[in-house]
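The values are calculated or read from the model by the stated rules, or taken from the named source; none is laboratory data. Please read these numbers as outputs of a predicted model, since none were measured by experiment. Neighbour counts are summed over all protein chains in view; Cβ atoms, including those assigned to glycine, are modelled from backbone coordinates with ideal geometry. For accessibility, only protein heavy atoms count, side chains too; no ligands or nucleic acids. Shrake-Rupley method; radii C 1.70, N 1.55, O 1.52, S 1.80 Å.
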Amino acid sequence: MKRVYLDYAATTPTHPDVVTAMLPYLNDTFGNPSSIHSFGQEAKGAIEEARETIAALIGAKNDEIVFTSGGTEADNFAIKGVAYANEHRGNHIITNSIEHHAVIEPLKFLERRGFKVTYLPVDQYGMVDPQGVRKAVSEKTILISVMHANNEIGTIEPIAEIGRIAKEMGVYFHTDAAQTIGHIPIKVNELGVDLLAISAHKLYGPKGVGALYVRKGTKVAPFMHGGEQERRRRASTENVPGIVGFGKAMQIAQNEMGTEAERLTLLRGGLIEGLLERIDDIQLNGHPRKRLPNNVNVSVQFVEGESMLLNLDMEGIAASTGSACSSSSLEPSHVLLALGLPHEQAHGSLRFTLGRETTEEEIERVLEVLPPIVAKLRSMSPLLKSRV
Amino acid sequence: MAPNIRSLYSEKVMEHFKNPRNVGEIENPDGTGHVGNPVCGDIMELYIRVNDGVITDAKFKTFGCGAAIATSSMVTEMVKGKTIEEALEISNHAVAEALDGLPPIKMHCSVLAEEALKSAIDDYLNNSQGMDLESE
Ligand code: FES
């Protein structure tokens, strides 16, 4: 049975050209970029080339890119870095209720240390209201953090608008762009962000590498203290193969972004339409139009997500769910609850995220396989009966 | 095949998940248990038919994860043919064991199955108060 992978938002397979580009740096070109001999300088050159590529693609300067171990580190770096470096100016940070844990958890950490955090609500589609951001700003506000697009429901936030407000109010603005980088166009000046977190493995690059864009002049405390790497902002010997792979992945993504986004939007539409048509009592979560080209998130009523996932997995189809049963905290997805979904509907959520290898046949396969799974589970569900 | 989410669960669990026994309701049951899982919010209903103090039939409906479905299925199998006293002895550990074990994070689902059974038996005892059972 050919397996169908529809969990690209979790991670993507590494592009073969990325692997090829990385290989020399796992073999002969092994030098430490901090060494002044030729071995080191070869590695250094490769890193700087990747930095240049990435900077150019997001409209940044080379020295505004700091490589990290991934998106989570980049978010932590941005949030704690701004908090620690600007404590004397204020202790208030504004975010919203559907951020990734990589943003929420460092904020909670700061709250325990005396910072104040405002979690703005979102509307039924997961949209943050820019005017709500404006109203929340006080004299103490040092940072606004709003994700570019949500990883669960795919909603794309009005970042440029919030960016204008942040600039007007003189507050730093951070966005977690892990889900959008390489998938939709990003220019830091158009978005008006001061900090932007990205990760390689969501765009067919390797795991364990990411970057933080830091606008020149932004006061950020270093994330790691040690050597002089990354202009003293992030000590530690660079992940040379990873960084090279990241650069290559960005290049490929840039070339293919337009056509790929168009292709995925069509497939996405087909999947959403098919699901709504073939299954009763099902609803789309997230924004109908302002959403990532590859994201489908639905709530199937009266059934639980993990049992749907297990059944799909038996058919070779990989997806994900916001159900409490499948999370180690046994809490349903905070994103779905923030949309105002009742507990049972968060329970019955399914996310399919499409990517490079996704074909029409695969979408058709899901549409064939899922309705009988839902019917079977509904026949066991005590919720269905109590409605009738 | 490579490991996957199914390898979270034993073969027995997967077998009961794929082919759950005793799904459905009993018409005019002698006892009904309806319990919600305080941990993750799932729901289980269990129905029993009792003749002369012996459980002759049991059925369930469950809204929950793979482990919840498998434990519901297993507990309905285990109670059939047992006296009320014997059925009350069935613990969530016994159900989990009969399924060749559950991952630690899923043990609470087997607690739900035990509670559904207890609640169905309580319901039966209430319904038949003083009829055919002495109280202890
Ligand atoms: S029923 Fe929710 S984890 Fe088992």
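Annotations for the structure displayed:
- Residues of the stretch B:27-49 that are within 16 Å of the ligand (Cβ to nearest atom), in contact with a Phe, Trp or Tyr (Cβ under 6 Å, 6 or more places away or on another chain) and either closer than 17 Å to B:A94 by Cβ or more than 8 Å from chain A (Cβ to nearest Cβ) (or both): B:L46 alone.
- A:L275 surrounded by 19 or more Cβ atoms within 10 Å (Cβ to Cβ), aliphatic (A, V, I, L, M), outside the structural domain of A:M22 (by TED's automatic domain parsing) and under 30 Å from A:R378 (Cα atoms): yes
So that you can scan it fast, the table gives a plain yes or no per residue for (1) in contact with a helix residue (DSSP H, G or I) (Cβ under 6 Å, 6 or more places away or on another chain); (2) within 27 Å of A:D17 (Cβ to Cβ); (3) at pLDDT 95 or above:
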position	(1), (2), (3)
A:G170	no, no, yes
A:D194	no, no, yes
A:L203	yes, yes, yes
A:P206	yes, yes, yes
A:R232	no, no, no
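- Flag for A:E344 being more than 10 Å from chain B (Cβ to nearest Cβ), touching a helix residue (DSSP H, G or I) at 6+ places or on another chain (Cβ under 8 Å) and either of a type in the set (A, V, I, L, M) or open to solvent by 10 Å² or more (accessible area, probe 1.4 Å) (or both): no
- Options A:A211, A:A178: the member that is assigned by TED's automatic domain parsing to the domain that holds A:A136, part of a strand (DSSP E or B) and either basic (K, R) or under 23 Å from A:E152 (Cα atoms) (or both): A:A211
- Note on the stretch B:63-98: among residues that are touching a residue at least 24 places away in the same chain (Cβ under 8 Å) and not in a helix (DSSP H, G or I), the one that is farthest from the ligand (Cβ to nearest atom) is B:T83.
- Reported count of residues in the stretch A:280-321, each being among the hydroxyl-bearing types (S, T, Y) and more than 11 Å from every other protein chain (Cβ to nearest Cβ), is 1.
- Test: residue in the stretch B:54-67 that is more than 9 Å from chain A (Cβ to nearest Cβ) and modelled with pLDDT under 95: no
- Those helices (runs of 4 or more DSSP H) lying entirely in the stretch A:26-113 with at least 3 residues in contact with a Leu (Cβ under 9 Å, 6 or more places away or on another chain) and at pLDDT 95 or above: A:71-86
- When the residues of the stretch A:183-217 are filtered to those that are open to solvent by 20 Å² or more (accessible area, probe 1.4 Å) and closer than 15 Å to A:D63 by Cβ, the one that is nearest to the chain's Cα centre (by Cα) is A:D194.
- Here A:G59 meets the list (1) in contact (Cβ under 8 Å) with a residue 40 or more places away in the chain; (2) farther than 16 Å from A:F173 by Cα; (3) open to solvent by less than 20 Å² (accessible area, probe 1.4 Å) almost entirely, failing just condition (3).
- In the stretch A:300-318, the residues that are in the same structural domain as A:R378 (by TED's automatic domain parsing) and free of Cβ contacts under 8 Å to residues at least 40 places away in the same chain form Cβ pairs under 7 Å with partners that are within 12 Å of the ligand (Cβ to nearest atom) and assigned to a helix (DSSP H, G or I), at six or more places apart or across chains, as follows: A:E306/A:C325; A:E306/A:S326; A:E306/B:G66; A:L310/B:F17; A:L310/B:G66.
- Residue within the stretch B:17-26 that is part of a helix (DSSP H, G or I) and either in contact (Cβ under 8 Å) with a residue 60 or more places away in the chain or more than 16 Å from the ligand (Cβ to nearest atom) (or both) present: yes
- Among the residues of the stretch B:21-49, just one is within 25 Å of B:P104 (Cβ to Cβ), touching a strand residue (DSSP E or B) at 6+ places or on another chain (Cβ under 8 Å) and surrounded by fewer than 19 Cβ atoms within 10 Å (Cβ to Cβ), namely B:G36.
- Hits in the stretch A:367-388 - residues which are in contact with a helix residue (DSSP H, G or I) (Cβ under 8 Å, 6 or more places away or on another chain) and within 21 Å of A:C325 (Cβ to Cβ): A:V369, A:L370, A:I373, A:V374, A:K376, A:L377, A:R378, A:M380, A:L383, A:L384
- If you filter the stretch B:50-62 down to residues that are open to solvent by 10 Å² or more (accessible area, probe 1.4 Å) and away from the ligand (no atom under 16 Å from the Cβ), you find that the one that is nearest to A:S327 (Cα to Cα) is B:K59.
- Just one of the listed residues (B:I69, B:I121, B:I90) is open to solvent by 10 Å² or more (accessible area, probe 1.4 Å) and among the aliphatic types (A, V, I, L, M), and it is B:I90.
- Residues of the stretch B:29-50 satisfying the condition of being modelled with pLDDT of 95 or more and out of contact with any Ser or Thr (no Cβ under 9 Å at 6 or more places or on another chain): B:P29
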